[in-house]
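Here is the structure we will look at, set down as structure tokens.
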Amino acid sequence: MLQFTIRRILQVIPTLLVVALLIFVIFSVVPGSFAASLFSDGRTTANPEMIAQLNRELGLDLPLPQRFLNYVMDLAHLDLGTSFRTRQPVLQLINDRMWASLQLAVAAMVFAVVIGVPLGFIAAMRPGSILDSVTMIGAVSGLSMPQFWLGLLLMYVFALQLGWLPSFGYGNGSLRNLILPAITLGVTPLALLARTTRAGVLDVMNADFIRTAHAKGMSESKVVRWHVARNALVLVVTTVGLQFGSMIGQAVVIEKLFAWPGIGSLLVDSVAIRDIPVVQGTILVIVLWFLLINTAVDLIYAAIDPRIKQR
Amino acid sequence: MTEPLLDVRNLDLVLSHRSGDLPILQDISFQIMPGETYGLVGESGSGKSVTSLAIMGLLKKPLKVSGGQVVFQGQDLLKLRPRRMRDLRGDRVAMIFQEPMTALNPLSTVGRQIAEMYVLHQGKSWREARRLAVHALDSVKVPNPERRVGNYPHQMSGGLRQRVMIAMALACDPDLLIADEPTTALDVTVQAEVLRLIKELCAARGTAVLFISHDLGVIASICQRVGVMYAGCLVEENDTVALFSNPRHAYTRGLMGALPRLGSRLTHGRQRLVDIDSVIADRSVLTETRFIMPRGAANGESA
């Protein structure tokens, strides 16, 4: 198990390097530059000399391979560079924002798991029942609803009309501020979890070993506890992992909507003014997050399913 | 005259559907004496497995029993409360299934799956149950039972897994063991070992066996009496020796004719294997005629 764990964690490093290269190349070829966007006010074009001067200062005049080499060398020292705009270390900027994002993602996931998994389970226990139909209709609605629209709706009802909750802002980490964005972000994974849990449980219920369990004289509740739950968990863990990983990316819209000071809004702002080091750093952190979640999922798999460790 | 252990009386079973019930089993009656090994033989789809599931009370919708009785040790199982039936299942009537690969939970050790029996039916603690599971593995001749008890099903061969199933089924010393094609998924040498094991264990414990197979050879080697099923009906029943030496029903003769015999010469036309028409007779026709007209080669003409 230890060996398996170490191997899986080491596999993250090459992936991260490839991603770093990709991000670097993409942002070197996209049109627009920090200098141009800084000096241009939309009517007059910027003075080319000033742009050249700034590029020199920022090291953007060096050839691309050399810039990449510098970038990777810095990365090796855990230095993500310096923001063009604020001249602060990127790592510090990200550090300031990351925890709010994590808080939001975790809260949304907890909301999704606590409600979605039991709903899917109950629906699978009574397929074709009213509860099943209602759950599945709700799940499809939840999946097809645009998140920003749902966010606006919640804001309107609970903040503006009822006045129960603040409509936006971080509120110094107050739980009340967290509720609306977390629900908005959590609805999609909730719906997905309800569906996959239902499908997973139904799948297991039809397995031969469930018939064996019944033939042993087990009560329905023991069959579920001893033989269904653990087997259905595999699919649930996959879904939670995938959703959790992509959540930080999805959170960009929600963070903008609720003025949540997370890494997503940092990314959007930085792209707009071509603050490349911050953009690169942010994406790298998001990718790293995704990879770590994936690794965690693999490890959990191995813990649940003895067949995986052997490979 | 001893009382039969299991007395299936006029069992009817249907597949219920909006447009009416489709008969699956019709008027099945047979008895199994304590300690006897009774074989049910027939081709795929003839209703052997469904009969066993009906006895176990494990039928799933839309299958349902529409008439008859399944009397086990003097009580009609079909009228038992689900709770009582559950206590009986596994404890007094146990079952082995065809597919040892999928009949065990892949995420649970075999020891735990055997131990469940002792916890369920004998109120043992998990610790004690696990100790008993080692004994159970030993009794079905699994080598290294102390180590094997912690194995997962995927770490075992098909034959070993079927031994685990047998250990599980016999854990609580049932009075009746239903074996639904227990050796079909195994290769021939392993098949012989598993058969011998079932035979020995059940003889030693006085367990009656309902042995289901489409393999006449297997049936002949293990059963005292045989029932032949065809299209949901029990068409013939006799002592094994009598049945094989003098098959009365046309379908039984058809089955025998389809058996390859060691030393028979297939090249010389005369001793060709005879086949039975591959399709099971249409049930709607069957309900009217009740007993089948001989199909294919069995009617004795040049088919």
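Observations
- Taking segment A:70-92 as the range and being hydroxyl-bearing (Ser, Thr, Tyr) and closer than 9 Å to A:Pro277 by Cα as the test, the residues that pass are A:Thr82, A:Ser83.
- Hits in segment B:8-40 (condition: out of contact with any Gly (no Cβ under 9 Å at 6 or more places or on another chain) and closer than 22 Å to B:Met95 by Cβ): B:Leu15, B:Gln31, B:Ile32, B:Met33, B:Glu36, B:Thr37
- Scanning segment A:63-91 for residues that are on the phi > 0 side of the Ramachandran plot, within 27 Å of the chain's Cα centre (by Cα) and open to solvent by 60 Å² or more (accessible area, probe 1.4 Å) yields a count of 1.
- Some residue of segment A:269-277 being within 14 Å of chain B (Cβ to nearest Cβ), surrounded by fewer than 16 Cβ atoms within 10 Å (Cβ to Cβ) and of a type outside the set (Gly, Ala, Ser): no
- In segment A:156-187, the residues that are under 17 Å from A:Val253 (Cα atoms) and not in a helix (DSSP H, G or I): A:Ser167, A:Phe168, A:Gly169, A:Tyr170
- Within segment A:292-311, the set of residues being open to solvent by less than 30 Å² (accessible area, probe 1.4 Å) and either among the polar types (S, T, N, Q) or more than 27 Å from A:Gly151 (Cβ to Cβ) (or both) comprises A:Thr295, A:Val297, A:Ala302, A:Ile304, A:Asp305, A:Pro306.
- Meets criteria (crowded, with 20+ Cβ neighbours inside 10 Å and at pLDDT below 90) for B:Val188: no
- Segment A:227-249: number of residues that are crowded, with 20+ Cβ neighbours inside 10 Å and at the interface with chain B (Cβ under 7 Å from one of its Cβ atoms): 2
- Subset of segment B:70-83 that is assigned to a strand (DSSP E or B) and more than 19 Å from the chain's Cα centre (by Cα) - its residue that is farthest from the other protein chains (Cβ to nearest Cβ): B:Asp76
- For segment A:261-289, filtering for residues that are part of a loop (DSSP other than H, G, I, E, B) and over 18 Å from A:Gln92 (Cα atoms) leaves 2.
- Filter pass, A:Phe84 being touching a residue at least 24 places away in the same chain (Cβ under 8 Å), in a loop (DSSP other than H, G, I, E, B) and farther than 29 Å from A:Val234 by Cα: yes
- Checked against (1) away from chain A (no Cβ under 11 Å); (2) charged (D, E, K, R); (3) open to solvent by 40 Å² or more (accessible area, probe 1.4 Å); (4) more than 18 Å from B:Ala208 (Cβ to Cβ), B:Glu43 passes all but condition (3).
- B:Ala133, sole failed condition from (1) open to solvent by 20 Å² or more (accessible area, probe 1.4 Å); (2) more than 12 Å from every other protein chain (Cβ to nearest Cβ); (3) touching a helix residue (DSSP H, G or I) at 6+ places or on another chain (Cβ under 7 Å); (4) closer than 23 Å to A:Arg225 by Cα: (1)
- Enumeration of residues in segment B:230-239 that are in contact (Cβ under 8 Å) with a residue 60 or more places away in the chain, in contact with a strand residue (DSSP E or B) (Cβ under 6 Å, 6 or more places away or on another chain) and either open to solvent by less than 10 Å² (accessible area, probe 1.4 Å) or of a type outside the set (D, E, K, R) (or both): B:Gly232, B:Cys233, B:Leu234
- Selection of segment B:84-125 for residues being under 15 Å from A:Ser219 (Cβ atoms), among the charged types (D, E, K, R) and more than 8 Å from every other protein chain (Cβ to nearest Cβ) yields only B:Arg84.
- Yes/no for B:Cys172 being in contact with a His (Cβ under 7 Å, 6 or more places away or on another chain) and either at pLDDT 90 or above or buried (at least 20 other Cβ atoms within 10 Å of the Cβ) (or both): yes
- Residue in segment B:22-35 that is under 23 Å from B:Arg225 (Cα atoms), open to solvent by less than 40 Å² (accessible area, probe 1.4 Å), part of a strand (DSSP E or B) and small (Gly, Ala, Ser) present: no
- Filter result for A:Thr197 (over 24 Å from B:Leu88 (Cβ atoms) and either modelled with pLDDT of 90 or more or facing chain B (nearest Cβ under 7 Å) (or both)): yes
The values are calculated or read from the model by the stated rules, or taken from the named source; none is laboratory data. This structure is a prediction, so every number in the text was calculated from the model and none was measured. All Cβ positions, even for glycine, are placed from backbone atoms using ideal geometry, and neighbour counts span all protein chains on display. Just so you know, the surface numbers come from the protein's heavy atoms only, side chains and all, with ligands and any DNA or RNA stripped out. Shrake-Rupley method; radii C 1.70, N 1.55, O 1.52, S 1.80 Å.
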